[in-house]
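Beneath this line is the structure, given in structure tokens, with notes to follow.
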Ligand SMILES: Nc1ncnc2c1ncn2[C@@H]1O[C@H](COP(=O)(O)OP(=O)(O)O)[C@@H](O)[C@H]1O
Ligand SMILES: [Mg+2]
């Protein structure tokens, strides 16, 4: 079973929206999907009440100590993908979800402030040595070319591991997401041929690829720990660049700014 957590400090970045979008896209791709909601705000439970379909089942789990147990039960019961939606900020349940996940997705609007606000979440992710990726969400449609330019320069100039932690594609800001949520649907159900649906299906494929790839790397790391393999680096533990290490004593991870990426998106 793959367990994916949507987590970040900032409210309104799209954790719940993407949790629903990905859960439904995974289900449509043939997975047996469960959703855990650790946020008492209840966005996903409310979504399920509006939904006339039983699946995917949303299970509220607020007690951090219960998360591991629920995941084990899901895996035994044949669930193949669990998506966990978390509250904004860091609390015990979010930390437990991160601890027991296979991949953390960190949604952020494409502004430096939003990306910098992911720091506390990244600290927890790093503490548990979990693979993660940013998902740029609510990107402006008209600014799309600028974001693509930024990505190109990111590809050219950034260290390889930065590109590895930026999920593809970016999720544009579109009413579909809000309308789907209000209708108790995933965006891929709301307008299956729409652009938002295409983006979410692609994001699901990217996520799955990332999961499968990282699990291969994880196995390689286990072999390395057992002394059976050498020269395999932990897949996406970000390290500050050598020449920036001293200057960035506060931020122990690279930010876009460290890599001279400018987000000229009009935000
Ligand atoms: N890509 C998007 N396009 C348009 N609206 C979005 C998008 N992603 C999220 N939203 C809207 O932004 C608001 C906050 O999203 P939400 O998923 O609830 O964030 P979080 O769970 O991180 O607090 C909601 O009203 C949601 O419908
Ligand atoms: Mg939410």
Review point. Does anything in region 87-112 have its amide N under 15 Å from the 7 Å Cα→Cβ label point of residue 45, and if so which residues?
Key: 87
Check your understanding: For 90, 171, 84, what's the fewest-to-most ordering of other Cβ within 10 Å of each Cβ?
Key -> 90, 171, 84
Revision key, fill the gap. Expected unfolding gain across residue 65-residue 198 under the 0.36 nm per residue rule, minus the alpha-carbon gap, is 44.2 nm
Revision key, fill the gap. Each label sits 7 Å from Cα toward the beta-carbon; between residue 92 and residue 179 the label points are separated, in nm, by 4.3
Review point. Among 15, 195, 210, what is the fewest-to-most ranking by other Cβ atoms within 10 Å?
Key: 195, 210, 15
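The numbers here are math on the coordinates, done by the rules we state, and not lab data. Here the structure is a predicted model, which is why all the values come from computation and not from measurement. All Cβ positions, glycine included, derive from the backbone under ideal geometry; neighbour counts span all protein chains shown.
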